[in-house]
Protein chains: 2
Amino acid sequence: MTIAEVGKKYGLSADTLRYYERIGLIPSIRRAENGRRNYTEDDCNWVEFIRCMRNAGVKVGALVEYVALFQQGDSTHAKRKQILIEQQKQLTQKFNEIKDTLNRLNYKIENYDKRLVPVQRKLTPPNNERKFL
Amino acid sequence: MTIAEVGKKYGLSADTLRYYERIGLIPSIRRAENGRRNYTEDDCNWVEFIRCMRNAGVKVGALVEYVALFQQGDSTHAKRKQILIEQQKQLTQKFNEIKDTLNRLNYKIENYDKRLVPVQRKLTPPNNERKFL
DNA sequence: TTACCGGTTAGAGTTTACTCCAAGTCAATA
DNA sequence: TATTGACTTGGAGTAAACTCTAACCGGTAA
């Protein structure tokens with residue numbers, strides 16, 4: 001596949017795909033005779049994986065490290081697993097922060113038209129807000 | 001409260017609090033006779049609200065707009081609600097992306113020691129991965 | 001043949017959100 | 001009295017993650 005096709009498939013710009021390759025976020029892509037990138041299915045799977053992790057907010061640095069270890073082979077197995085566990089931990093925390101903030105936003109929006117309380121009420125910290133969920 | 005106290009209370013640096021005030025993310029804080037900031041309880045509630053939204057990833061720009069509208073009074077009520085709804089939408093999307101990525105990470109980690117499948121298996125896209133949850 | 005399209009590289013520029021710095025003020029303490 | 005420490009302002013600097021530009025190349029359509 002060409003860079004444009006892969007970009008379209010995964011919602012990334014060609015610039016971003018080149019950038020990802022340059023910094024080692026995706027393994028180096030084979031070039032055709034004319035020098036153009038030719039993405040294999042495996043390459044696409046990497047792109048998909050990276051996009052998924054990036055969309056969730058996993059840091060580029062962590063993914064670069066993971067990819068580099070992956071390319072060094074089986075001896076890096078334990079280290080790679082540790083990276084995944086660390087990212088899992090961080091994502092879980094972000095997940096909970098977003099959940100709490102969504103509860104708060106939901107409550108605020110629900111009550112935005114029922115002006116039963118003074119305006120300043122909207123600034124009240126979360127432990128004073130009834131939660132749903 | 002002093003800037004240091006508020007910073008400590010909410011886990012923000014004094015620099016960040018000044019920055020937030022400068023760009024209008026927090027309403028302007030009254031100064032004492034000596035020129036120093038003196039945070040009221042209302043000010044603290046704003047700080048807490050902003051920190052919560054920022055921790056969840058709500059963009060500074062959206063919050064600046066919200067605060068500005070808030071200060072313009074009741075006539076901006078509908079617009080403010082729209083902003084909250086938009087942020088709710090965006091956070092919900094991020095929430096789901098993180099949830100999916102966590103499922104994927106969990107699965108990957110669970111199976112990282114059972115090497116029942118070739119290494120390349122770790123790159124397989126999500127629809128080929130068994131989900132739990 | 002010429003013009004355009006879609007690539008290529010190296011490197012510069014942009015955006016977001018802080019974070020740091022310099023120079024100064026004021027109050028308390030050694 | 002001197003100095004320490006917490007603050008003030010305006011403005012510069014930084015980190016992360018792209019995003020864009022310039023100059024070039026090779027294949028195709030008019």
The Cα extents of segment B:1-64 along the principal axes, largest first and rounded to whole Å, are 36, 20, 20
Two pseudo-spin positions, 7 Å from Cα along C-beta at B:Ala78 and at A:Arg36, lie apart in nanometres by 5.2
For the pair B:Ala4 and A:Gln71, the simple spin-label estimate (label points 7 Å beyond Cα toward Cβ) gives in nm 4.9
Expressed in angstrom and rounded, the centroid-to-centroid distance over alpha carbons for segment A:53-75 and segment B:70-99 is 33
Extension length gain for A:Tyr107 and A:Ala14 (0.36 nm per residue less Cα distance), in nm, is 29.4 nm
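Tell me, what is the percent relative contact order of chain A, built from C-alpha pairs under 8 Å that lie six or more residues apart?
Details: 84 pairs, mean separation 22.5, N = 133.
The value is 17 percent.
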Given trypsin sites (Lys or Arg not before Pro), DSSP loops and at most 14 other Cβ atoms within 10 Å, the longest exposed-site-free stretch of chain B is B:60-113
Here the Cα Rg-to-2.2 N^0.38 Å ratio for the protein assembly as shown is 1.26
Taking the convex hull of the alpha-carbon atoms of chain A and averaging its shadow over every direction gives an area in square nanometres of 12.0
Taking a crude spin-label model, label points 7 Å out from Cα along the C-beta direction, the A:Lys59 to A:Thr92 distance in nm is 1.9
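Loop only per DSSP, at most 13 neighbouring Cβ atoms within 10 Å: give me the GluC sites (Glu not before Pro) in segment B:7-62, ordered by residue number.
Passing both the DSSP loop test and the Cβ count: B:Glu33.
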When chain A is treated as a Gaussian network with springs between alpha carbons less than 10 Å apart, the largest mean-square fluctuation among A:Ile50, A:Ile26, A:Ile83 is found at A:Ile83
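Read the figures in this text as sums done on the coordinates, not as results from a lab. Bear in mind the structure is a predicted one, so any value in this text is a computation, not a measurement. Don't worry about glycine lacking a Cβ; one is built from the backbone with ideal geometry, like all the others, and counts go over all protein chains shown.
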